[in-house]
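Engineer: Dropping the structure in here first, questions after.
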Amino acid sequence: MRARRLDEVRELVASPDFQSWWQALVAARIALADAEAHREELLAQLTSMEFRAELSQKHAIDTLYRAGENEDSAAHLLAEAETLENRSFPGVAAFEEQRYRVSELWYRLGALESQLEQAKEARLPAPQLLTLERQRQAAADEYERETARKNRLWDEVERLWARSAEVSLLRSEQQLQARKVRRDAEALFAQAEERKKRAHALKSEGEAAATAVEAAKAKLEATRQAAVERFGALVGTDFLFFRHPHDSRHAYAVALVEDTEHYNVEVRPLAVFSVEHRRGVGFLEPARTASPAADESDRRFETWFLQGRKGTPPRSPT
Amino acid sequence: MDKVALLSGSPLFEMLSNQELEYVADLSRPRHFRAGATIFEEGELGDSVYVIASGEVEILRRDATGAPHRLAVLGPREFFGEMSLIDKEYRSATVRAKTDCELLHLTAENLTAFRKQHRDGFTFVIINIARMLSARLREANTRLAARS
C-alpha cells in the first residue's frame, strides 16, 4: 500500500487513468449483476418448469386411472345390459305362452256366450239357463284373470328392455368418456414430456449462465486487483486504501460503493475518508486537510459574546 | 437532498461557516421514516441528534399511568435528541414520525470527528444546544411563575 497525501489521493481519483479504471470497474460490476440476475431468473424458471413437469406427470397418471375407471364402469354396464337382455327372453316366452292361453279362453268364452244366446232363444228351462250363465261367467272371470297375467308378463318384459336400454346408454357414454379421458391423459403425458425437455434446456442454459457469472466475477476481481499495480492501493471490497504519509496509524479510504445504511456516514462512490488502522472502515471520517485547531482570527466568539444582547429585556428580574 | 442548505437553516448549526457546514453534511446520514414509525423510544440509550429535512415528528411523553401525551410537533430544520447527547442520560421522550419524514442523523461519534476538525464550529454547536435548553428553561420558569 503506497503512501499518498490527501491532495495526491484526490488528484489520483480525478485523473483520467483512475477514471478509466473506475468506469471499467463499474462496467464489470454491472456485467456481474446482470449475469447473476440472468442466472437467478433461469434458476427460478428451471425450478418452476421442473415442478410443472412433475405436476403434469401426476395429473396424467391420475387422468389415466380415471380413464381405467370409466372403462371398468363401461364393462360393468355392458354385463348388466346383457344380463337384463337374457332375463327378458324367458319373460317373452312366458308371455307368448300366456297369450296363447288367453286366446284359447277368448274362443271358449265366445262359444259359451253363443251357447247361452241359443238356449235363451230356444226358451230352455231356467235351471239350465242358470247353469249355462254360471259357466259363461266363470269363463269370463278366467279370461279376465289370465289377460291381466298376460299384461303383467308383458309389463315385466318391457321393464327389462327399458332398463337394458338405459344401461346401454350409460355404457356407451362411459365408453366414450373413457376414450376422451384417455386422450386427455395422453395429452398430459405429452405436456409433461415437453416440460421435462424445456427443464432440461433451462438446466443447460443455467449451467452456461453460472459459467458466465464465474467469468464476470473473475473479470471484476481482475479489474479490482489492477488497482494494486496501477495505483499502489490496497484493494478491499468496498474501498481502496492508501497509507497516510506522515501518520502510520491512519490511512485514506476511497469509496467504491454507495451505501447510506451500513456505515457511520453516508458513503458515496469515490468519496475520500480518513480511517484509523484499528477501527478501519468501522468509523469513517470525511477526509480534510488539517485545519488549525482554533483559529485566533475567528471573530465569531467576540461577535456572539461581546456585542450587544439579542433578546428583549425581561419584564421582571430573573 | 441539499444537506448544506438544510443544515445552514437549522438553529443547531447557526453561526457555522460554509466549510464547517460542508463537513457536518458529510458526517450526517439521511434516514427515512414512514408516518407512524417510532424514531426512538423514551428510556432508550441515545447518543445522536436528528435534524428534520422534511415532514413532521411528534414528541411524546408518558404520564404516571403510562399514557402518551404529545409535548410538541417539530417540522423542517428543527432538531431533536440533543439532550441525551449532552447529559448522556436515557431518552426523555418518544419521538414518532407524524408524516413521512426525511431526517439527518448525527451520532456523538461523528460530532467528535467534527470537533477534531473544527473546534470552533463544534463549540458553536454546543452553544446552540445550550441556547435551546436555556430558552426551554426560561419558558418553564415563565409557566411556573404564571401558576404561582
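The values are calculated or read from the model by the stated rules, or taken from the named source; none is laboratory data. Just so we're clear, the structure is a prediction, and the values are computed from it rather than from any experiment. Every residue, glycine among them, receives a Cβ derived from its backbone with ideal geometry; neighbour counts consider all protein chains shown. The area values use the complete protein model at the heavy-atom level, side chains included, leaving out ligands, DNA and RNA. Shrake-Rupley method; radii C 1.70, N 1.55, O 1.52, S 1.80 Å.
Engineer: Of the residues in the range B:96-121, how many are surrounded by fewer than 22 Cβ atoms within 10 Å (Cβ to Cβ) and away from chain A (no Cβ under 12 Å)?
Structural biologist: 5
Engineer: Scan the range A:247-276 for residues that are part of a loop (DSSP other than H, G, I, E, B) and either touching a Gly at 6+ places or on another chain (Cβ under 9 Å) or within 19 Å of A:Ser20 (Cα to Cα) (or both) and report the count. Don't jump to the end; show me each part of the working.
Structural biologist: Going residue by residue through the range A:247-276, those that are part of a loop (DSSP other than H, G, I, E, B) are A:247-249, A:256-258, A:260-266, A:268-271.
Subset that is either touching a Gly at 6+ places or on another chain (Cβ under 9 Å) or within 19 Å of A:Ser20 (Cα to Cα) (or both): A:256-258, A:263-264, A:268-271.
Number of matching residues: 9.
Engineer: Under the condition of being among the hydrophobic types (A, V, I, L, M, F, W, C) and at the interface with another protein chain (Cβ under 10 Å from one of its Cβ atoms), which residue from the range B:13-47 is surrounded by the most Cβ atoms within 10 Å (Cβ to Cβ)?
Structural biologist: B:Val24
Rundown of residues vs (1) open to solvent by 90 Å² or more (accessible area, probe 1.4 Å); (2) over 28 Å from A:Ala209 (Cα atoms); (3) not assigned by TED's automatic domain parsing to the domain that holds A:Arg152, yes/no style:
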residue	(1), (2), (3)
A:His38	yes, no, yes
A:Phe51	yes, no, no
A:Asp62	no, yes, no
A:Ala67	no, yes, no
A:His76	yes, yes, no
A:Glu82	yes, yes, no
A:Ser88	no, yes, no
A:Ser103	no, yes, no
A:Ala111	no, yes, no
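Engineer: From the list B:Phe124, B:Phe79, pick out the single residue that is closer than 30 Å to A:Arg299 by Cβ and more than 14 Å from chain A (Cβ to nearest Cβ). Full working, then the answer.
Structural biologist: Numbers: B:Phe124 fails: more than 14 Å from chain A (Cβ to nearest Cβ).
After ruling out the rest, the residue left standing is B:Phe79.
Engineer: Give the range A:207-263 a look and list any residue that's among the polar types (S, T, N, Q) and over 52 Å from the mean Cα position of the chain (by Cα), or say none. Spell out the reasoning first.
Structural biologist: Looking only at the range A:207-263, we keep the residues that are among the polar types (S, T, N, Q), and these are A:211, A:223, A:225, A:237, A:248, A:260.
Residue satisfying the conditions is A:Ser248 alone.
Engineer: State whether one or more residues within the range A:58-66 are assigned to a helix (DSSP H, G or I), in contact with a Leu (Cβ under 9 Å, 6 or more places away or on another chain) and under 27 Å from A:Ala165 (Cα atoms).
Structural biologist: no
Engineer: While we're here: Yes or no: the range B:66-79 includes at least one residue that is of a type outside the set (Ser, Thr, Tyr), under 24 Å from A:Tyr263 (Cβ atoms) and crowded, with 18+ Cβ neighbours inside 10 Å. Steps first, answer last, please.
Structural biologist: Taking the range B:66-79 and keeping what is of a type outside the set (Ser, Thr, Tyr), we get B:66-79.
Subsequent filtering for residues that are under 24 Å from A:Tyr263 (Cβ atoms) retains B:79.
The next check asks that each one be crowded, with 18+ Cβ neighbours inside 10 Å; those that pass are B:79.
Within the range B:66-79, one or more residues are of a type outside the set (Ser, Thr, Tyr), under 24 Å from A:Tyr263 (Cβ atoms) and crowded, with 18+ Cβ neighbours inside 10 Å.
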